[in-house]
1. Roughly how compact is the range 212-362, stated as its Cα Rg over 2.2 N^0.38 Å to two decimals?
2. Which of the peptides 67-75, 23-31, 101-109, 336-344 is most tightly packed, and how do the rest follow, going by the mean number of other Cβ atoms within 10 Å of each residue?
3. Can you list the residues, at least 5 places off or on another chain, whose amide H is less than 5 Å from the amide H of Phe153, using H built in the peptide plane?
4. Considering only protein heavy atoms, with the full assembly of protein chains and a 1.4 angstrom probe, order Met257, Met263 by accessible area, largest first.
5. Roughly speaking, what is the stretch gain from Ala349 to Ile280, that is 0.36 nm per residue apart minus the C-alpha to C-alpha distance, in nm to one decimal?
6. Which order do you get for Asp160, Asp304 if you rank them by accessible area with a 1.4 Å probe, largest at the top?
7. Tell me, in nm to one decimal, what length is gained between Phe65 and Ile29 on full extension, where the rule is 0.36 nm per residue of separation less the Cα-Cα distance?
8. Of the listed peptides 79-89, 241-251, what is their order by residue-averaged count of other C-beta atoms within 10 Å, with the highest listed first?
Amino acid sequence: MRSKGAQSLSASPMQSIVQIATAVYLPIIAATLVGVLLSLGLTRSGRMVHSQPIQQLLPDVLSRFLYLVGIPIGVANFIRKAEFNPSVWISPIIAWAAVLLAIFLSWQFLKSSSKPRSKNTKASFVHLSYIGSTAYLGFPVILLLPQLGPQFFSSAVLYDVLGTTVAGYGLGVLIAGQASINSRDGISTSSSDASEAGLSISSSSRAGMVSSLLNALTEVTRNPTFYAFFVGLYLKTLNFPEWLVLVLGAIGWSSIMVALIVMGMRIQQLSTKLNLKLAIQPVLIKLILVPLVLAVTLTGLGFDGPLRLVMILQSAMPCGFTSLVLAENYGLDVQLTVASILLSCIAFAFLLPIWAALFTTW
């Protein structure tokens, strides 16, 4: 189906860029800027709540509310209005193909480097190469982009819930855990105990893999957004009074904007000395190489139209804050993670119109 947005964008590339700027950049930048300013104001106030700075507590509380209530209601509402056919179920498969490709490329980059890197830096490098912000930024981009909109939202949800979320908190925990184990063993184990250490690492690796798989399944089963997807499909069969449609729409869009405000607050709190030299490499993999290979492959397999564009854009999202959560909890490279997240957000702003212009073919 050819959308109204696509028809209006067929006039000229310049007109497309202007429409993307007004429809996507303005609301995203405005909401993110509100988050940055709010965080700055709360920081200057110096207020504490339960012995914790309020500027750190508030985004955590809002994130929890969005995770449990706001985003699921929004997803159910947008899925209710979205087009749905069996082809959307290929999104998680494509998501995992992108994850594996990113991991392979990140290993190649690390192997080709003449400078030795610590296990913790390597783990963060791999995380940044494949974990994207497919929910907090991906959802609003898909919803706001004139070429797409709520009717093409189903693929984005499945890409995030069954792809990014599982790969981030499942596979990501395994990679982080192994890096931590290897770092500890490398410091505490003498050469005379090498064979015993090998057995210990192997045992830890197996235990970590089982734990990671269980964690991945747990993340899916307890993620309210996963169930919201099916609730939205059920809601398609029901008729709603106009006032309820308006309320659901308001909650859905408010949740998206609050998510962007939370993202702005977190960006403002990313305060550390930045080393952009190494950060360029995972950003190059995440925002250019993987989406480009994915785009060529999907096109070669016969995919086109909105489904292809959604999957390309989701694969091209900036490095996700999940990488920072993993880095902070497992003692990985926080400095590299922060630098890559900031750099990827800036790069994405320039790349979005390019991806949209290249792959809007309907």
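1. The value comes to 1.27.
2. 336-344, 67-75, 101-109, 23-31
3. Glu83
4. Met257, Met263
5. Extending this stretch completely gives an extra 23.3 nm.
6. Highest to lowest solvent-accessible surface, that is Asp304, Asp160.
7. Gain on extension, Phe65 to Ile29, equals 10.8 nm.
8. Ranking the peptides 79-89, 241-251 by packing returns 79-89, 241-251.
The values are calculated or read from the model by the stated rules, or taken from the named source; none is laboratory data. The structure displayed is predicted, hence computed values, not measured ones. Counting neighbours? That spans all protein chains shown, and the Cβs are built from the backbone with ideal geometry, glycine included. Each accessible area value is taken on the protein alone, full model and side chains, heavy atoms only, with ligands, DNA and RNA left out. Shrake-Rupley method; radii C 1.70, N 1.55, O 1.52, S 1.80 Å.
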